[in-house]
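Engineer: First the structure, then my questions, so here it is.
The values are calculated or read from the model by the stated rules, or taken from the named source; none is laboratory data. Note that the structure is a prediction, hence the values are computed from the model and not measured. Methodologically, a virtual Cβ is constructed for each residue, glycine included, from the backbone with ideal geometry; neighbour enumeration extends over all protein chains shown. The protein model used for the area step is the full one, side chains on, heavy atoms only, and it has no ligands, DNA or RNA in it. Shrake-Rupley method; radii C 1.70, N 1.55, O 1.52, S 1.80 Å.
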Amino acid sequence: MAATAAAAAPGTGGDGRQDSGRGEPKTLWGSSEPRPPAAGSGQPSPQQRTETLGFYESDRGRKKKRSLSDLSLLRFISAELTRGYFLEHNEAKYTERRERVYTCMRIPKELEKLMFFGIFLCLDAFLYVFTLLPLRVILAMFRFITLPCYGLRDRRLLQPAQVCDMLKGVILVICYFMMHYVDYSMMYHLIRGQSVIKLYIIYNMLEVADRLISSFGQDILDALYWTATEPKERKRAHIGVIPHFFMAVLYVFLHAILIMVQATTLNVAFNSHNKSLLTIMMSNNFVEIKGSVFKKFEKNNLFQMSNSDIKERFTNYVLLLIVCLRNMEQFSWNPDHLWVLFPDVCMVVASEIAVDIVKHAFITKFNDITADVYSEYRASLAFDLVSSRQKNAYTDYSDSVSRRMGFIPLPLAVLLIRVVTSSIKVQGVLAYVCVVLFYCGLISLKVLNSIVLLGKSCQYVKEAKMEEKLFNPVLTATPGKPAGKQQGTFKSTQGISTDENGSTSVTNQPVHQKENMPSLLVTSNSDQFLTTPDGEEKDISQDGSELKHRSAKKDLLEIDRFTICGNRID
């Protein structure tokens, strides 16, 4: 009996296994026998310690010995105050963040350099309409009148550039007389009678319509120029110029009216008593930040946006000039009223500059674009100016600015001439002398501006190492080479830049096979530079089939106002 009672001691089963929390713990190897303690150690092993609610008795004893100060609030606060960390453990991350800050700080300076250069480019193209274009039209007319005296030495009656100049002059004169039928005063009072919210909506619609009509207007003018100057085999083919001419006149007239409505709306905002409309119109510029900042932009997309901002800023300056002229006329040219308009003019200009800086700063930040990209944009604009001064230029510089930035000077010039002639009355001999002196001053300003721009453009092109692209042997006449070989080379190059690369420029024109070198002057230099590097003419003419599989490389020289309008900017 005693043996049986000993065998069935409390806390153990019949097979000697532990069946309660008070017996010996089960060993790791599944045996009911406890591990013997280590030799020379008076401390029992962990397996020999009894458990109480999942904790060993030794742990519970140590917790009882802890002082209350170890668990106090003061110790937690001390740990928080003395806790340290090392930023160098993530050096790359913080270096990148610092570079982003430096980039945002450099954006205003680099952006305003580009804007300053671009605005003077637009000013040069705008002054060309008032200064050199009338003189070129007079020279073209003189050549046309005196043509029987010299005989028909050339196949053309006039050079292509002279034909384009005469078309521009005729369009300006016709649209100027058509603008006399538009009553500015009636339009002003009609717009002034509308509510503030209506005027706000009208102004936004006018901005959108201006961008849309500008994108289509330059294509109309280019189609007219090419239709009038392309070689024709039959006399009847010249009749096609007439519908293109009427389309161009209609476009310039409608665009001039659109800009007049914009200027009238801005004039109403200036003359409102509480300036609420002007404040709403200026706040509309900040809505542009929301529509642009949170989209994905690449370098080419940002270049197109920069050109659009340059055109928009220059157009706003001309609109402000028109508003000031109309207001000064109403106050009999009182100089004191000019100081009344000055704060509002400064507010419009300052808001435009602030919106552009903030927009470009965050676009470059979110898309990891460096500030050095604006120097590349400036070099691309400078390249257009330098290439237009060469003998093998394919277009006039004013047309190049129109294609690159979307700035078309003809409608704006028509409106400005209409406003100036209606605001300033010329009477007497002295007044006409002042007009002649003013015209001479405009010519001097145009020449000075062109010289400075040309010098700066050469500097920017050299800094960007783009001067070798100005001397492409494919586009230059070489006395040692026969004309047939040059034409074959040019034809293969032309195919690369249009069909095979898929990036057709609006300035590319068909090649006239019957002429030697004049046919080589109609293709854009920038398009050829991107597809045919120097020294590869022979390879292109011989291995044209291999170039079909060569991917087109997009460059800033290819990007103009209308090249990527169809590309979605996500």
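Engineer: Filter region 418-454 down to the residues that are open to solvent by less than 60 Å² (accessible area, probe 1.4 Å), over 25 Å from Ser306 (Cα atoms) and among the hydrophobic types (A, V, I, L, M, F, W, C) and list them by number.
Structural biologist: The answer is Val419, Val420, Val426, Ala431, Leu442, Ile443.
Engineer: Now for a different question. Show the residue pairs that are 6+ apart or on different chains and have beta-carbon atoms under 8 Å apart, the first residue being within region 249-272 and closer than 24 Å to Phe177 by Cβ, the second being of a type in the set (Phe, Trp, Tyr) and modelled with pLDDT under 90.
Structural biologist: If the second residue must be of a type in the set (Phe, Trp, Tyr) and modelled with pLDDT under 90, the pairs left are Tyr251/Phe216; Met260/Tyr184; Gln262/Tyr203; Thr264/Tyr184; Thr264/Tyr188; Asn267/Tyr188.
Engineer: Among the polar types (S, T, N, Q) and surrounded by fewer than 16 Cβ atoms within 10 Å (Cβ to Cβ): does that describe Gln194?
Structural biologist: So Gln194 passes the test.
Engineer: Which of the residues belonging to region 211-242 are assigned to a helix (DSSP H, G or I) and open to solvent by 70 Å² or more (accessible area, probe 1.4 Å)?
Structural biologist: Arg211, Leu212, Phe216, Lys235, Arg236, His238, Ile239, Ile242
Engineer: Based on this model, can you work out whether Lys93 counts as open to solvent by 40 Å² or more (accessible area, probe 1.4 Å) and in contact with a Lys or Arg (Cβ under 7 Å, 6 or more places away or on another chain)?
Structural biologist: no
Engineer: Okay, moving on. For Met247, state whether it is in a helix (DSSP H, G or I) and modelled with pLDDT under 90.
Structural biologist: no
Engineer: Can you tell me which of Phe297, Phe303, Phe286 is surrounded by 20 or more Cβ atoms within 10 Å (Cβ to Cβ) and part of a helix (DSSP H, G or I)?
Structural biologist: Phe303
Engineer: Follow-up question, since we're still on this one. Looking at (1) buried (at least 18 other Cβ atoms within 10 Å of the Cβ); (2) in contact with a helix residue (DSSP H, G or I) (Cβ under 6 Å, 6 or more places away or on another chain), which is the one condition that is false for Val348?
Structural biologist: Every listed condition holds for Val348 apart from (2).
Engineer: Has region 107-129 got any residue that is over 20 Å from Arg418 (Cα atoms), touching a residue at least 24 places away in the same chain (Cβ under 8 Å) and among the aromatic types (Phe, Trp, Tyr)?
Structural biologist: Among the residues of region 107-129, at least one is over 20 Å from Arg418 (Cα atoms), touching a residue at least 24 places away in the same chain (Cβ under 8 Å) and among the aromatic types (Phe, Trp, Tyr), which makes the answer yes.
Engineer: In region 296-343, which residues are of a type in the set (Lys, Arg) and out of contact with any helix residue (DSSP H, G or I) (no Cβ under 7 Å at 6 or more places or on another chain)?
Structural biologist: Passing the criteria: only Lys296.
Engineer: Which numbered condition in (1) under 26 Å from Asn267 (Cα atoms); (2) under 15 Å from the mean Cα position of the chain (by Cα); (3) buried (at least 18 other Cβ atoms within 10 Å of the Cβ); (4) not polar (S, T, N, Q) is the only one that Val323 fails?
Structural biologist: (2)
Engineer: Any idea how many residues of region 355-396 are within 12 Å of Ala464 (Cα to Cα), of a type in the set (D, E, K, R) and surrounded by fewer than 19 Cβ atoms within 10 Å (Cβ to Cβ)?
Structural biologist: Total meeting the criteria: 2.
Engineer: Another question, if that's okay. Restrict the check to region 207-214 and report whether at least one residue is hydrophobic (A, V, I, L, M, F, W, C), under 30 Å from Cys164 (Cβ atoms) and touching a residue at least 60 places away in the same chain (Cβ under 8 Å).
Structural biologist: Taking every residue of region 207-214 in turn, none turns out to be hydrophobic (A, V, I, L, M, F, W, C), under 30 Å from Cys164 (Cβ atoms) and touching a residue at least 60 places away in the same chain (Cβ under 8 Å).
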